[in-house]
Structure formats: C-alpha cells, structure tokens
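The values are calculated or read from the model by the stated rules, or taken from the named source; none is laboratory data. Just so it is clear, the model here is predicted, and its values are computed rather than measured. Positions of Cβ are generated from backbone atoms using ideal geometry, with glycine treated the same way; all protein chains shown enter the neighbour counts. Accessible surface areas use protein heavy atoms only, side chains included; no ligands, DNA or RNA. Shrake-Rupley method; radii C 1.70, N 1.55, O 1.52, S 1.80 Å.
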Amino acid sequence: MVSQKISAFSIRRLNPFNGVLQVFSTENARALSSNGVVWEIQVLSDTPQGLWANMPFNGKEFYTFGRWTIDSGLQQVPVNPLFNVRDMIASAEQLITALSQVIDDLPFPMADIYEQWLLDEQSLAPVALLTSCRKAVEMSRCDSAKWVAAERGDFSFISARLVEREQPNDDGYNPRVHASILEALIRHRGGQHHRRAWFKHSPDGTLSPYHESAPVLVPWTFPDLPVTEDWEDEEARRLVADYIAWRAPQLLQLHGLGPVTRERLERIAVTQAEAVERLWRLYPEIHNKDLLNSARVEAKIRYSNRK
C-alpha cells in the first residue's frame, strides 16, 4: 500500500468556547471528533458539477460520508449518486484504518498556535480569547470582534448569581438573558472599538505579539483560561465564575492548564457527571482520577436508569 501523508492535531472551538476538536486527516479524507468517540468522516471528492462532462470543473471539497465509532464501525450517510462512491469508500476505509491505530493517543497536540485576544481598553490586559488559527495566513478570515458566551440557540447558561438577584434567563423577549449580560460585561472591557490583538504561542508555551501594533505583555498577564478572572467588581467576578463552572467539563480539554487551575476545574466539573463521561478521553491530564472516575460511574448509572 502506498504510504499517505497523515496529520493529527486539535483545535479549540471558540466564540463561543465549546471544547476542543480533534482532527485526523489523510490525503483524501479527514475525521473530526469533539469527544474522541464519535467521529464524523469526511471524504475529499470532486464537486457534483465537476463530474458532469459538459460542466466546468469546480475542484474538490470535503463531504460528510458517515459517522464512525470503534465499537459500531462506520454508519454511512446517503451519498449523492453523482459521486464516485467506490473511491469515497476506499478513502474512508484507509482513513479509519489509520485512525484506529492512534485512537489511544488522544488528545492530539494543539495546532491553533495563533490567538486573537480581546484586550482591556485601558490597561491592555487580555480579557477573553476571541479566536485562533493554525496558520498566519488564516488570520484575516478568523478575525472576531465580539466575544460570544453561547450559541444563539443555547439557553443553558444559568448564572447562580443572577438567579440570586431574581434575574430570569428568559424575559419574554430574550431566552438567553444571562449569556447576554455576561457578553456585555466582557465586551465592555474592550471599549467601543473592541480593542484586540494577535499573539503567537511559542514552543515554551508563552505568548508573544504577532503584529507590531500588539502590546508586549509578560507571560503571566495571560489568563490560564479563555476568559480572565481578574475583575475589580465582585458581581462581575461571580458572573464569570458561573460561566467557568458551566463550561468546566469542556475547559478541562485545554492543553497547558496550570495544575492548580486543572484541579479546581475537576472539582467543579464533576457536578456535570454526564458531560465528564462524554469528554474525559480528551483531557490532556487528570489530576484527581478517583474523583473523575466517581463522576463517570454516576453518569453511567443515570444513563442506565433512563433506559
């Protein structure tokens, strides 16, 4: 068999932050997973227009071919008959064979080394991670001015502090009031023009300015998490803490967390046992294995009781 170029890496799902995506690719196919169990198989193929003799060739694109798990195998989705299905099957099988050999190596190394941060308008301190990319040439299309807490259709962020203040999450007009309040808080730090800058991850884990206009910041000014916990106002601190607690199972997927931060997130995350059971395979480190194992057992019991 001819050897293929294989790439395995992870990228953060940002704005809104929703964990880390694992990417495994060969020359003609790729597999994507947000939990290390279910993989979306995409195959590179000619566009349907390019398969017609009397139509201009539009090049190749990735098309979803199916879902794969190591236990259930490939569940293929319906494929447009205009595609060369035989070649697509061969590409998918080669990809899955290669992926099966490295599935125990998860999570893959982080590859999105360029980061765009929202900066405090006055102090220039990093406030929130807006977006990231693997290559410098991708910066222009990745630019993101406004920080987002949750998807528009996701109403699950409920701030304990705002509940204490009797602030409903649905006011009859907006079903995600708590997320909107948090977004306004974060964005306000960046000022009217959403002050932001690009930085590059160095091999030693530090961040350095990528453009001359970016401020030079000492490494320890960057927060451990994608949003700063440094707030003068106690109400703001508690609101951000509620957000971090809500996203704790996903935040544990991040590479490079300090041990104190990771241990704190583990203690918080176990209150969402089912999320931990779904995502634990992508945790680069686990400090309190007994604690997380207990959460996983609890999640399995809950799942069994629902059957």
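List of remarks:
- Relative counts (whole %) of C-alpha pair distances in segment 242-285, using bins that are 5 Å wide: 5, 28, 38, 24, 6
- Extent of segment 109-179 along its three principal axes (Cα atoms, max minus min coordinate, largest first): 45, 30, 25 Å.
- Charge dipole (segment 116-234, unit charges on Cβ, about Cα centre) - positive-most of Ser156, Trp198, Ser123: Trp198
- Rg(Cα)/(2.2 N^0.38 Å) for the chain, N = residue count: 1.12
- Whole-number Å³ per residue for the convex hull built on Cα positions in segment 222-307: 91
- For segment 150-268, the equivalent ellipsoid built from the Cα gyration tensor has semi-axes of 28, 19, 13 Å, listed from largest to smallest.
- By a 1.4 Å probe calculation restricted to protein chains, His287 has an accessible surface near 70 Å², given to the nearest 10.
- At the residue level, Ile70 shows approximately 110 square angstrom of accessible surface with a 1.4 angstrom probe and all protein chains present.
- Label-to-label distance, Ile89 versus Ser7, with points set 7 angstrom from Cα along the beta-carbon direction: 2.9 nm.
- Volume in Å³ per residue [convex hull over Cα atoms, computed for segment 60-150]: 188
- The lysine pair tally for the chain, using Cα distances under 22 Å and a gap of 8 or more places or different chains, is 7.
- Relative to the longest principal axis of the Cα atoms of the chain, the long axis of helix 259-269 lies at roughly 80 degrees.
- Net charge of Cβ neighbours under 13 Å - reference Glu277; Lys, Arg +1; Asp, Glu -1: +3
- Accessible surface for Tyr283 stands near 10 Å², nearest 10, in the context of the full protein assembly shown (1.4 Å probe).
- Helix 177-189 vs. the chain, principal-axis angle (Cα, 0 to 90°, nearest 10): 80
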